[in-house]
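Q: Take a look at the following structure, please.
Derivation of every value follows stated rules applied to the coordinates shown; laboratory data play no part. Quick caveat: nothing in here was measured; it's all calculated off a predicted structure. Ideal geometry is used to build each Cβ from the backbone, glycine not excepted, and the neighbour counts take in all protein chains shown.
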Amino acid sequence: MSKATAAATHSAARLMMIVFVPFALGHFLSTAYRALNAMLGSTLQADLAISASELGLLTSAFFLAFALAQLPVGLLLDRYGPRRVEASLLLVAGLGSLLFALGESLATLTLGRALAGMGMASCLMASFKAFSLWFGPQRLSLLNGYLMAIGGLGMMSASAPVELFISHASWRSLFLLLAVACVLMALLLWWVVPEKPSESRGETLGQQVRALSRLLAGQHFWMVAPAAFTAHALSLAVQGLWVGLWFRDVGGLSRAEVGTHLLWVAVALTAGFAAWATLADRLRARIPPLWISAAGLSGFCLMNLLVAWQPAEHHLLLWMLYTFLGASGTLFYSGLVGLHEPALAGRVNTALNLVVFAGAFVLQWGIGVVVEAWSIPGEALSPVGYQVAFGSLAGLQLLSLLWLVRGLRQTPGGVSR
């Protein structure tokens, strides 16, 4: 190995340690936080005496605040850089976690969860922005996918380990620990991650807003947005709450069994993130990421139909396949970024994330409304409600898939790799 090659290798390894690892840890914390209620849902319902729709609203407040923060976060990322933005916002997330740990009323708890969502709104997008600044565009699909895989590990930590924790301590103690973790994560990002100026740093706010307006008016964005809504947003909504309740209400599992099943579902999700990213990286010279995500969406639509059908057995396998195929939705980000100039990367990602997390809010709350509407008040949630909800979602996915494929076929010269 030559000295130049050794230096390059060392440089790449160092970048992974001081850029990839800190942002990946932040994303790990964010995904663990938003997935907690899949394990804590039953406990929160019992302790707070709330209905399924109220639980859905409480849990989805994270997604609503997360979504509303996306466009401002995109402008901030392109203007001030991912290190400063994420470190600052994580302090807000710490405040939200503290409020959730101490809150007594539904309104206070909802506000705390919303503040956590706002504070963690940059964790994923700041990572994507940092990778676009420090690593080559050809590797974005791979790095983004590995980042999502680490997020899958965060979801794993929110399953059986959380069940074990709350069997010895309260859920309030858990959120106090998360508040401390947010502050420590903010300090790590501030002191370890280097700065690298973006091309858009010299733009005025007016120029940034006009560029964002052109992005939102563009045909490429609206070609991808409906599929991201019904695929990635649904995946987040279900993983963050309803898969755990489905195991309870349809599968008839105990809390401990739900925790074990959620752990394996998170394993499948993590494997899915890594597998789809690797596949996109290997095939990027021949097949663009958006076509690969369309193939994954086809399988995901089928999984929603199977969930609605509610087979008598193999529930764990069904949900592992569900999350594995749902992980393909992460390729929408790198695919859409590839259709725009690099200086817009932060705004492209956050604009799409607005659609995704607004969709997660609507879907997570909406599933609760539908399931509750088909259930008898005061009794367990009805499996029929889950059938109606997931069957309807499969229909919406099919429509968005047809729209995406139509747009890809009409894009002159194909789409970016």
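Q: Determine by what factor the alpha-carbon radius of gyration of the chain differs from 2.2 N^0.38 Å, reporting the quotient. Walk me through the intermediate numbers first.
A: Working: Rg = 20.6 Å, N = 417, 2.2 N^0.38 = 21.8 Å.
It is 0.94.
Q: Give or take rounding to whole Å, what are the principal axis extents of the alpha carbon atoms in segment 148-279, in descending order?
A: Each principal axis gives a Cα extent; for segment 148-279 these are 55, 39, 29 Å.
Q: May I pose another question? With +1 on each Lys and Arg Cβ and -1 on each Asp and Glu Cβ, how big is the dipole of the chain about its Cα centre, in debye rounded to the nearest 20?
A: Values: 23 positive and 16 negative charges, 315 e Å.
Dipole of the chain, to the nearest 20 debye: 1520 debye.
Q: Answer with one residue from Gln310, Ile166, Asn353: the one whose Cα lies farthest towards the positive end of the charge dipole of the chain, charges on Cβ with Lys, Arg +1 and Asp, Glu -1.
A: Most positive-ward Cα: Asn353.
Q: Based on alpha-carbon centroids, what's the gap between segment 27-65 and segment 102-130 in Å, whole number please?
A: If you average the Cα positions of each part, the centres end up 12 Å apart.
Q: Fewest to most neighbouring Cβ within 10 Å: what's the order for Cys123, Cys182? Let's see the in-between values first.
A: On the way: Cys123 30, Cys182 26.
Placing the least packed residue first, the sequence is Cys182, Cys123.
Q: Using the number of other C-beta atoms within 10 angstrom as an exposure proxy, rank Ile292, Ile376, Ile367 with the fewest first.
A: Working: Ile292 20, Ile376 9, Ile367 28.
By the 10 Å Cβ count, ascending: Ile376, Ile292, Ile367.
Q: What is the chain's relative contact order, in percent, from Cα pairs under 8 angstrom and six or more apart in sequence? If you can, show how the numbers build up before the last one.
A: Working: 694 pairs, mean separation 108.9, N = 417.
Once divided by the residue count of the chain, the mean separation gives 26 percent.
Q: If you rank Arg34, Arg214, Arg286 by fewest surrounding Cβ atoms within 10 Å, what's the result?
A: Numbers: Arg34 30, Arg214 13, Arg286 8.
With the sparsest Cβ surroundings first, the list reads Arg286, Arg214, Arg34.
Q: Summing -39500 (n - 2.57) over the DSSP H runs of n ≥ 4 in the chain and dividing by its residue number, what mean residue ellipticity at 222 nm do you reach, to the nearest 500 deg cm²/dmol? Don't skip to the answer; put the middle values down first.
A: Values: 20 runs with 323 residues, N = 417.
The per-residue figure over the chain is -25500 deg cm²/dmol.
Q: Name the shape class, rounded, prolate or oblate, that the alpha-carbon gyration tensor gives for segment 254-313, where a ≥ b ≥ c are the square roots of its eigenvalues, rounded holds for a/c under 1.5, and otherwise prolate holds if a/b is larger than b/c and oblate otherwise. Working shown, then result.
A: Numbers: a/c = 4.97, a/b = 1.74, b/c = 2.85.
Cα axes put segment 254-313 in the oblate bin.
Q: Multiply the residue separation of Arg14 and Ala46 by 0.36 nm, subtract the distance between their alpha-carbon atoms, and state the gained length in nm to one decimal. If you can, show how the numbers build up before the last one.
A: Numbers: separation 32, 0.36 × 32 = 11.52 nm, distance 4.80 nm.
Extending this stretch completely gives an extra 6.7 nm.
Q: With Cβ to Cβ distances under 14 Å as the rule, what net charge do the other residues near Gly26 carry (K, R +1; D, E -1)? Before the final figure, lay out the partial values.
A: Values: positive: Arg34, Arg83, Arg84, Lys129; negative: Glu86.
Residues close to Gly26 contribute a combined charge of +3.
Q: Something else now. Distance between Cα centroids, segment 382-399 to segment 261-294: provide it in whole Å.
A: 24 Å
Q: I've got another one for you. According to a simple spin-label model (label point 7 Å from Cα along Cα-to-Cβ), what is the distance in nm between Leu102 and Ser173?
A: 1.9 nm
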